[in-house]
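For reference, the structure discussed in these notes is given below.
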Amino acid sequence: MKNFTISLYAFHLRHTLTDAPNEVDPEAKLLWENLAQLGAVTLPFSALKDLHLKLICYQNGNYEPQREQGRQTEWLTDSGSSIDLGTFPTTEGFKIKGNLQPFGLHDTYAVDLTLSPESPQISIDVPQLKLFKPASLLPTSIQASLGQTIWIYGEVDASENCQQLAEKIAVALLAGTNLNPIEVGKDKLLGSFLFEYKTIDPDDPQNPAKQCQILISLNNSQADTLTWAGQAYDWLRNLMLCRHKILYINHQARERYPQARELYAKLDRQVREFPTQIADPKTRLETLKKILT
């Protein structure tokens, strides 16, 4: 595969409607901390390890989200642009370069971490996927509260069986983990074949934050996919955000529904008992106090 890229799109809740304007979710900074941890342990980019030096929401190494207030841009960097992470060497003789784009999208932190060979002409085979440390990009490491997508792109020969290649890529991406790729569907997007897979955590299968959407774009027709994707970048990013938010809210609703039924049943019993409880004028006031308590 030429022009190979592997991109992580992760979405993490910054604050909720119940938080005051100057407050954030207790776990708001977790996304940035986990990305910095990758730089220190798995992906040896010094700029990733020192990510807090580039983000507007940090000062002197401390998380200070109030510094984001009043900004007129979605970018969370002082420069208002992406962060060049530099390169690190591989055992195959070429280097891997990294780029990170951090955003604040309303109540959500979003990040695009993209890895690629130092030259687009370097051909990447399925066994070489391990050089990009794909396991480090999975939910167990990133812990994005709203969910994440891993998107792989590559340009292949017209004779390539893209379906079979996508399956091999999906399996290799999850090698060494307890996860298996589940095929969701296939179509075409921006001139390339698009194959969608997902992973499900066997210990928490209903939790979308522990699932991972995997998109594999294979271009076997020399379509200008990269140019079109660049032009549609904001739309695609926001579309992924909306998808993950819908899954997150649906999961929350399913968890809250039994609790709501329980509370409703309790209130219904109290309503039926209310006339009897306040029937005696002598004890009515004291009974009302107890009910209110």
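Give a residue-ordered list of calculated ³J(HN,Hα) values for segment 143-160 (Karplus: 6.51 cos²θ - 1.76 cosθ + 1.60, θ = phi - 60°; whole Hz; x for Gly, Pro).
Each residue of segment 143-160 in turn: 6, 6, 5, 9, x, 7, 10, 10, 10, 10, 10, x, 9, 10, 5, 4, 7, 5 Hz.
Would you work out the relative contact order for the chain, in percent, from Cα pairs under 8 angstrom that are 6 or more residues apart?
Numbers: 482 pairs, mean separation 52.8, N = 293.
Relative contact order comes out at 18 percent.
Calculate one ³J(HN,Hα) per residue across segment 280-293 by plugging θ = phi - 60° into the Karplus curve 6.51 cos²θ - 1.76 cosθ + 1.60, and present them in order as whole Hz with x for glycine and proline.
Working through the residues one at a time gives 8, x, 6, 10, 4, 4, 5, 5, 4, 4, 5, 5, 4, 4 Hz.
Can you list the HN-Hα couplings for segment 212-228, worked out from phi with the Karplus curve (6.51, -1.76, 1.60; θ = phi - 60°), rounded to whole Hz and with x for Gly and Pro?
With the stated coefficients, segment 212-228 comes to 9, 7, 10, 10, 10, 9, 10, 9, 10, 10, 6, 5, 7, 4, 5, 5, 5 Hz.
Just checking my list [x] 21.6; [y] 19.9; [z] 19.0 against Kirkwood radius over Cα pairs in Å computed from this structure; which label fits?
Matching the structure shown: [x].
Quick check for you: with a 1.4 Å probe and neighbouring chains kept, what is the accessible area per residue of segment 138-267, in Å²? Intermediate values should be presented prior to the final figure.
Values: 7360 Å² over 130 residues.
Per-residue accessible area for segment 138-267 comes out at 57 Å².
Compute the angle between helix 162-173 and the longest alpha-carbon principal axis of the chain, please, reported from 0 to 90 degrees and rounded to the nearest 10.
70
Can you tell me the order of 215-223, 70-78 when each peptide is scored by its average per-residue count of other Cβ atoms within 10 angstrom, highest first? Don't skip to the answer; put the middle values down first.
On the way: 215-223: 18.8, 70-78: 12.8.
By packing density, highest mean first, the sequence is 215-223, 70-78.
With a probe of 1.4 Å, find how much accessible area segment 1-120 has per residue, and write the answer as a whole number in Å². Walk me through the intermediate numbers first.
Values: 5670 Å² over 120 residues.
Each residue of segment 1-120 exposes 47 Å² on average to a 1.4 Å probe.
Which value, in debye to the nearest 20, describes the size of the charge dipole of segment 150-293 about its Cα centre when Lys and Arg Cβ atoms bear +1, Asp and Glu Cβ atoms bear -1, and nothing else is charged?
On the way: 18 positive and 18 negative charges, 246 e Å.
Dipole about the Cα centre, nearest 20: 1180 debye.
Give me the percent of accessible area attributable to carbon and sulfur for the chain, probe 1.4 angstrom.
It is 52 percent, rounded to a whole number.
Can you give me the distance in nm between label points at GLN206 and GLN270, each placed 7 Å from the Cα along the Cα-to-Cβ direction?
The two pseudo-label positions are separated by 2.6 nm.
Please give the peptides 109-120, 2-13 ranked by average Cβ packing (other Cβ atoms within 10 Å per residue), highest first, as a rough proxy for protection.
Working: 109-120: 19.8, 2-13: 21.7.
Going from most to least packed, we get 2-13, 109-120.
Which far-off residues, 5 or more places away or on another chain, put their amide H under 5 Å from the one on GLY86, with H placed in the peptide plane?
Under 5 Å from the amide H of GLY86 lie the amide H atoms of GLY98, each far enough along the sequence or on another chain.
Just from its helices, what would the mean residue ellipticity at 222 nm be for the chain, if runs of 4 or more DSSP H residues each count -39500 (n - 2.57) and the sum is divided by every residue, rounded to the nearest 500 deg cm²/dmol?
Working: 7 runs with 93 residues, N = 293.
My calculation for the chain gives -10000 deg cm²/dmol from helical runs alone.
Which pairs break 22 Å Cα to Cα here: LYS49/LYS95; LYS130/LYS198; LYS266/LYS289; LYS97/LYS133?
On the way: LYS49/LYS95 18 Å; LYS130/LYS198 19 Å; LYS266/LYS289 18 Å; LYS97/LYS133 13 Å.
Distance filter (> 22 Å) returns an empty set.
Compute the distance in nm between two label points, each set 7 Å from the Cα along the Cα-to-Cβ direction, one at LYS168 and one at THR293.
7.3
What residues have an amide H closer than 5 Å to that of SER145, excluding those fewer than 5 places away on the same chain, when H is modeled at 1.01 Å from N in the peptide plane?
LEU13
Using a 10 Å cut-off on Cβ atoms, rank the peptides 138-148, 279-289 from the highest mean neighbour count down. Write out the running numbers ahead of the final one.
Numbers: 138-148: 21.6, 279-289: 10.5.
Averaged packing, sorted descending, gives the order 138-148, 279-289.
Please say if segment 85-232 is rounded, prolate or oblate, where rounded means a/c under 1.5 for a ≥ b ≥ c the square roots of the C-alpha gyration tensor eigenvalues, and otherwise the choice is prolate for a/b larger than b/c and oblate otherwise? Mind dumping the intermediate values first?
Details: a/c = 1.31, a/b = 1.23, b/c = 1.07.
Note, shape of segment 85-232 comes out rounded.
How much FRET efficiency would the formula 1/(1 + (r/R0)^6) give for GLN59 and LEU263, where r is the Cβ-Cβ distance and R0 is 45 Å, rounded to 0.05? Intermediate values should be presented prior to the final figure.
Working: r = 43 Å, r/R0 = 0.95.
E(calc), rounded to 0.05, equals 0.55.
The values are calculated or read from the model by the stated rules, or taken from the named source; none is laboratory data. What you see is a predicted model, and the numbers here were worked out from it, not measured in a lab. Counting neighbours? That spans all protein chains shown, and the Cβs are built from the backbone with ideal geometry, glycine included. All accessible areas refer to the heavy atoms of the entire protein, side chains included, with ligands and DNA or RNA removed. Shrake-Rupley method; radii C 1.70, N 1.55, O 1.52, S 1.80 Å.
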